[in-house]
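Have a look at the structure below before the remarks.
A short reminder: the numbers here are calculations on the coordinates, not readings from a lab. Computed from a predicted structure; not experimentally measured. We place every Cβ from the backbone using ideal geometry, glycine too, and count neighbours over all the protein chains shown.
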Amino acid sequence: MAASAFFFALMAGLAKVAGSVVPLFEIVFARSFVVAVLAGAALLKSGRGFRGAETRLLLLRGLLGFGALSCFYYAVVHLPLADATVIHFTNPVYTAFIAAMVLGERIGVSEAVLGVFSLGGVVMVARPALIFGGTNMLAPGAVLVGLCGAIFSASAYVTVRRLRREPPTLVVFYFATVCTLLSLPLLVLHPALPEPHMWLVLLGVGIATYLGQWFITWGFRLERAGRASAVGYLQIVFAAGWGWLLFHEVPDLWTWLGAGVIVGSTLLLVRLHPIR
């Protein structure tokens, strides 16, 4: 889960770079197509094939993932990266409750407390204008889209938990293929030819996503949905590093305090609830 957070943070940074000149669904298509090709090649090499035991759930995971991905990229493009990320990271709360309703997983007191601390660390790192005030108020429509993306993401994570019998690569392949097919007609409506260097950025989005999806799928196979998704808070810490490298954003004291809270809460979560 920590490895997936690293690559997803890289993906978000590259997507924001691409989003300044490339239409939304072109980013979704490029990302999904690259992942589908990589996952498909891995399946062919393993001899596993493309047929799953739970095709309906695989397709549902892809549909929910498409909604989450589209909303997240929209929020990243139309909101400051920190604000879009912190809104997206309300999804572990939804994941825990959806998993409790759908999978019958118990929500423990320690999990709830550590989740609150982690969310507090996210807020410290992001310092969203919505909470901390300031003259640059967030666009309500973009905030709503970001929240919808978080709910879609939580639902997709719970679906992945139900797909524990399926190979992770197959789950990733279905997700990417569904997103590719759904984004293609939307891409045709607003076509745009990227500059040569932007093709490399889009390729990087796809490769980082593939690695992130592979690791997160394994994470949800090994741990309960609510706790596994909480480790994803580490993505905020990695995002601070990518922000410095890609956008020359220098983290301040609030960022380091928030990072300490996030890392501390995550390590305590793992210590109290080791992976079974």
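What full-extension length gain, to one decimal in nm, is calculated for Arg56 and Trp256 as 0.36 nm per residue of separation minus the Cα-Cα distance?
The Arg56-Trp256 span can extend by a further 67.7 nm.
Give the peptides 20-28, 169-177 in descending order of average Cβ contacts within 10 Å, highest first.
169-177, 20-28
Measure off 7 Å from each Cα along the Cα-to-Cβ vector at Leu222 and Arg165, then give the distance between these two points in nanometres to one decimal.
Going from the Leu222 label point to the Arg165 one covers 2.3 nm.
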